[in-house]
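Comments concern the structure below.
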Amino acid sequence: MLENLSERLQGIFSGLRSKGRLTEDDINAAMREIRLALLEADVNFKVVKNFVARTKERCLSADVLDSLTPAQNVVKIVLDELTELLGRTDSRLVLSSRIPNVIMLVGLQGSGKTTAAAKLAYRLKQENHSPLLIAGDVYRPAAADQLQTLGDEIGVRVYRGDGRDPVAIAREGIQDAIDNLRDVVIIDTAGRLHVDADMMEEAQAIKDATHPDQILMVVDAMTGQDVVNVVEAFAESVDFDGVIMSKMDGDARGGGALSIREVTGKPIKFISSGEKPDSLEVFHPDRMAKRILGMGDVVSLIENAVRVQQAEEEELEAERMMRGQLTLDDFLMMNKQVRKMGGVSKLISALPGGDKALGSGQVDEGALDAMEVIINSMTKAERAKPELLNGSRRARIAKGAGVTVTDVNQMMKKFNETKKMVKQATAGMEQQASRKGKKGKKGKRRRGLGIPGMGGMSMSDLKKIQDMMGQ
Ligand SMILES: Nc1nc2c(ncn2[C@@H]2O[C@H](COP(=O)(O)OP(=O)(O)OP(=O)(O)O)[C@@H](O)[C@H]2O)c(=O)[nH]1
Ligand SMILES: [Mg+2]
């Protein structure tokens, strides 16, 4: 079910990802492909048109095209729109305070009403309710037997009445529920091959006699394009509160399921994907959307995009911190960021003229490791207030880190020098900013090296840091 659509969409996304930067043309081409994929999956054409228009508009925004991860953002927008299309919020079955609650099932012949009635009863029983099934289909001789068999299987009482007048059976069934202390009744009704006046009249008569708390329409997921017309016809006559989408385990194209909410405004409440009593699931639009988009892969991609965003936020936070006092935790973080960017040598060589500045001296990245081990051996208070570090504390830290006290002292010397430099650099940045009429501060944030406080440094400052780090 929906596998083809899922495969197509994933193909389109991997095409986008392979491009890196995206142009408007790339987005337009991808949207054309998405449109085709949805139409081929039998999604209603109006739904497709609106969906693609909304998605395209969002994808063409500068935020997406200029972002670091445009393809991921496109996937995120499609996921978002697909979730919206499917209904955004869960539409659980909420029972009213009336006892017994009356749930009535309607739908075309063979859509899965009788099966769904039993599954719903099973579900309610699991949730500590005591349901009663009412056999309101009097046309097919075997209909009441079918419900009885299912009821026996799940241990739920079935009311069959005289087997002739569905309205009377429904009314008496409710009385039977009261007499037998049942708190929910589920009325199974007859279906016809096509939507017709008789079926609607009968459903209306049962509705008038029982005032259901919920009318659920059972829709066969394999119905295809026509599903929209059927659902609309029911919505206009008996009307209903939500949909149970049955046979989701089938191999049909399944686009109907994607069209219902948008066309009728009715939520899908449950999906049924098998013949066993426990195969009725609450419908979660977000999970379904993820399933269609190939879940795991997409989820991790989005997580990636979020991670990039978080890193940028961390950077901002760090810049803010730098304006105050440099702590050893900040020092550790700077260290980690340098490492993340490939170490000091890579960082310097990536700058214009960096290779020259780096000279021929080999860089000892191991110094970064030693620094981390030493700082990690300190207590939280020591890291926040380096002035606490007296002789005995330094001896303890050296022992814990497996280094000598001289190593700790050297590291602290580097720390203090860095602190001084950061202060100078920050002051320099602020001066620059005020010269530019604060534009540097409030205007577009400079994408510096990503190292807090280093944004305003010159090549020679960087070289000094490199020297300080013993490299
Ligand atoms: N694979 C699969 N089969 C289902 C599902 N739901 C129902 N069926 C089957 O579909 C057929 C029709 O289901 P019924 O529950 O009898 O449908 P109905 O709407 O009550 O049919 P009428 O009473 O004739 O109008 C049965 O063979 C069911 O076993 C489902 O979710 N998955
Ligand atoms: Mg039936």
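We did not get these values from a lab; they are worked out from the coordinates using the rules stated. As the structure is a computational prediction, the values presented were derived from the model and not from experiment. Every residue, glycine as well, gets a Cβ built from its backbone with ideal geometry; the counts of neighbours run over all protein chains shown.
Mind checking segment 174-247 for trypsin sites (Lys or Arg not before Pro) that DSSP puts in a loop (not H, G, I, E or B) and that have at most 16 other Cβ atoms within 10 Å?
Working: sites: Arg182, Arg192, Lys207, Lys247; in loops: Arg182, Arg192, Lys247.
Here the trypsin sites (Lys or Arg not before Pro) that fit, given the DSSP loop and packing criteria, are Arg192.
Please list, by residue number, every one of the trypsin sites (Lys or Arg not before Pro) in segment 90-134 that is coil in DSSP and has at most 13 other beta-carbon atoms within 10 Å.
Arg92, Arg98
Could you compute the FRET efficiency for Asp249 and Leu36, with r as their C-beta to C-beta distance and R0 at 30 Å, rounded to 0.05?
Efficiency, rounded to the nearest 0.05: 0.70.
Using packing as a proxy for protection, rank 282-291, 10-19 so that the peptide with the highest average count of other Cβ atoms within 10 Å comes first. Mind dumping the intermediate values first?
Numbers: 282-291: 18.9, 10-19: 15.4.
Highest-to-lowest ranking by the protection proxy: 282-291, 10-19.
Compute the Cα gyration tensor for segment 1-88, then decide on rounded, prolate or oblate, letting a ≥ b ≥ c be the square roots of its eigenvalues: rounded whenever a/c is under 1.5, prolate when a/b is larger than b/c in the other cases, and oblate in all that remain.
Judged from the Cα gyration tensor, segment 1-88 comes out prolate (a/c at least 1.5, a/b above b/c).
Taking the Cβ of Lys19 as the center, what net charge do the other residues with Cβ under 15 Å away carry, scoring Lys and Arg +1 and Asp and Glu -1?
Neighbour charge sum, excluding Lys19 itself: -3.
Which of the peptides 147-159, 254-266 is most tightly packed, and how do the rest follow, going by the mean number of other Cβ atoms within 10 Å of each residue?
Per-residue mean Cβ counts within 10 Å order the peptides as 254-266, 147-159.
Which pairs, out of Lys19/Lys423; Lys49/Lys276; Lys76/Lys276; Lys125/Lys207; Lys76/Lys247, put more than 31 Å between their alpha-carbon atoms?
In this structure, Lys19/Lys423; Lys49/Lys276; Lys76/Lys276 exceed 31 Å between Cα atoms.
Relative to the present Cα-Cα distance, how much length would full extension add between Lys420 and Asn28 at 0.36 nm per residue of separation?
Length gained between Lys420 and Asn28: 135.9 nm.
If r is the Cβ-Cβ distance from Asp278 to Arg92 and R0 is 22 Å, what FRET efficiency results, to the nearest 0.05?
0.80
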